[in-house]
């Protein structure tokens, strides 16, 4: 299954990449992540690994599988404690639109647990919820990059 969202951000892609590329700093722009801990010796590139602890006390581990400097990275998700997902990988990417605008995209490819029932739940419930969450992440990236401030637990973006 795949869930993907994109939005245009009125910022140059190098500024957005500065925030994205600090792998252990996802809590600064992800509205559901309380803290991130680096589990590898590297903070960027293939092999960088982090644990994300969420405000709801759940967690997961992400390891970078693909890295295109200045443009995108793909992570494999493991140790997923709260979601009914068997396996997943996510890609966040930036596409410059001239010098001061960027299309930011978040895409997750995942296999739900529970066979055919999980597939149906995934289509009807999980995918719409994930897309809403992914849009909040991109809005959080935009807000953090604009202000330099961390997105806190109760932050709510203005959704268009």
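Looking only at the stretch 44-55, which residues are in a loop (DSSP other than H, G, I, E, B) and surrounded by 18 or more Cβ atoms within 10 Å (Cβ to Cβ)? Working first, answer last.
Going through the stretch 44-55, the residues in a loop (DSSP other than H, G, I, E, B) turn out to be 44-48, 55.
Across the stretch 44-55, the qualifying residue is only 48.
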### Task
Answer yes or no: is there a residue in the stretch 58-76 that is modelled with pLDDT of 95 or more, touching a helix residue (DSSP H, G or I) at 6+ places or on another chain (Cβ under 6 Å), closer than 24 Å to residue 19 by Cβ and surrounded by 15 or more Cβ atoms within 10 Å (Cβ to Cβ).
no
### Message
Can you find a residue that is modelled with pLDDT of 95 or more and more than 12 Å from the chain's Cα centre (by Cα) anywhere in the stretch 133-143?
### Response
yes
### Residues of the stretch 56-86 classified as part of a loop (DSSP other than H, G, I, E, B) and under 23 Å from residue 122 (Cα atoms), total
9
### Residue in the stretch 20-43 that is farthest from residue 101 (Cα to Cα), counting only those that are assigned to a loop (DSSP other than H, G, I, E, B) and out of contact with any strand residue (DSSP E or B) (no Cβ under 7 Å at 6 or more places or on another chain)
41
### Message
For the stretch 118-128, check the following and say yes or no: at least one residue is surrounded by fewer than 18 Cβ atoms within 10 Å (Cβ to Cβ) and either under 22 Å from residue 23 (Cβ atoms) or in contact with a helix residue (DSSP H, G or I) (Cβ under 9 Å, 6 or more places away or on another chain) (or both).
### Response
yes
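The values are calculated or read from the model by the stated rules, or taken from the named source; none is laboratory data. No experiment lies behind these values; they were computed from the predicted model shown. Ideal geometry is used to build each Cβ from the backbone, glycine not excepted, and the neighbour counts take in all protein chains shown.
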